[in-house]
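First comes the structure, then the notes that go with it.
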Amino acid sequence: MLNDITSKQDKLFDTSSKLNMIIIWASWCGPCIQEIPALKQLNEIYASKGLSMTTVSIDDAINLWREALQQEKMS
């Protein structure tokens, strides 16, 4: 279990999905931020086919993580 953006405990992945993808990232990681558009595109294409994506931030500061989610329009 991990905390979501509202600090509520949530499962790491969806056991009902055919395929789970876990992405480890951080707001300060340039390559991580650069890959977000491609990951969003993959999610748009494959979510209806059973893909579930979960992003896990390794940021120390929760506010940086939340700001990055808002800036990148990540769900």
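Only the coordinates and a few stated rules stand behind these numbers; no lab work does. As the structure is a computational prediction, the values presented were derived from the model and not from experiment. Cβ atoms come from the backbone with ideal geometry, glycine included; neighbour counts cover every protein chain shown.
Please give every one of the lysines within straight-line cross-link reach of Lys40, meaning a C-alpha to C-alpha distance under 19 Å, and leave out same-chain neighbours fewer than 8 residues apart.
Here the lysines satisfying the reach criterion relative to Lys40 are Lys18, Lys49, Lys73.
Skipping prolines and chain starts, which residues have an amide H placed within reach, meaning under 5 Å, of the one on Met21, given they are 5 or more residues away or on another chain?
Excluding prolines and chain starts, which carry no amide H, the hits are Ser52, Met53, Thr54.
At what distance in nm do the modelled label points of Leu64 and Glu44 sit from each other, each positioned 7 Å from its Cα along Cα→Cβ?
Placing both labels 7 Å beyond Cα along the Cβ direction yields 2.9 nm.
Suppose only helical runs count, i.e. DSSP H with n ≥ 4. What mean residue ellipticity at 222 nm does that imply for the chain under -39500 (n - 2.57) per run, divided by all residues and rounded to the nearest 500 deg cm²/dmol? Don't jump to the answer; show the numbers that get you there.
Details: 2 runs with 28 residues, N = 75.
When only DSSP H runs of four or more count, the value is -12000 deg cm²/dmol.
May I have the pair-distance distribution P(r) for the stretch 2-72, computed from all Cα-Cα distances with 10 Å bins from 0 and rounded to whole percent?
Pair shares across the bins are 18, 49, 31, 2.
Just to confirm the filter: which chymotrypsin sites (Phe, Trp or Tyr not before Pro) across the chain are DSSP coil and have at most 15 other Cβ within 10 angstrom of their Cβ?
Values: sites: Phe13, Trp25, Trp28, Tyr46, Trp65; in loops: Phe13, Trp28.
Hits after loop and neighbour filter: Phe13, Trp28.
Write out the trypsin sites (Lys or Arg not before Pro) in the chain meeting two conditions: DSSP loop, and at most 13 other Cβ atoms within 10 Å of their Cβ.
Details: sites: Lys8, Lys11, Lys18, Lys40, Lys49, Arg66, Lys73; in loops: Lys8, Lys11, Lys18, Lys73.
Taking the chain and a limit of 13 other Cβ atoms within 10 Å, the loop trypsin sites (Lys or Arg not before Pro) found are Lys8, Lys11, Lys18, Lys73.
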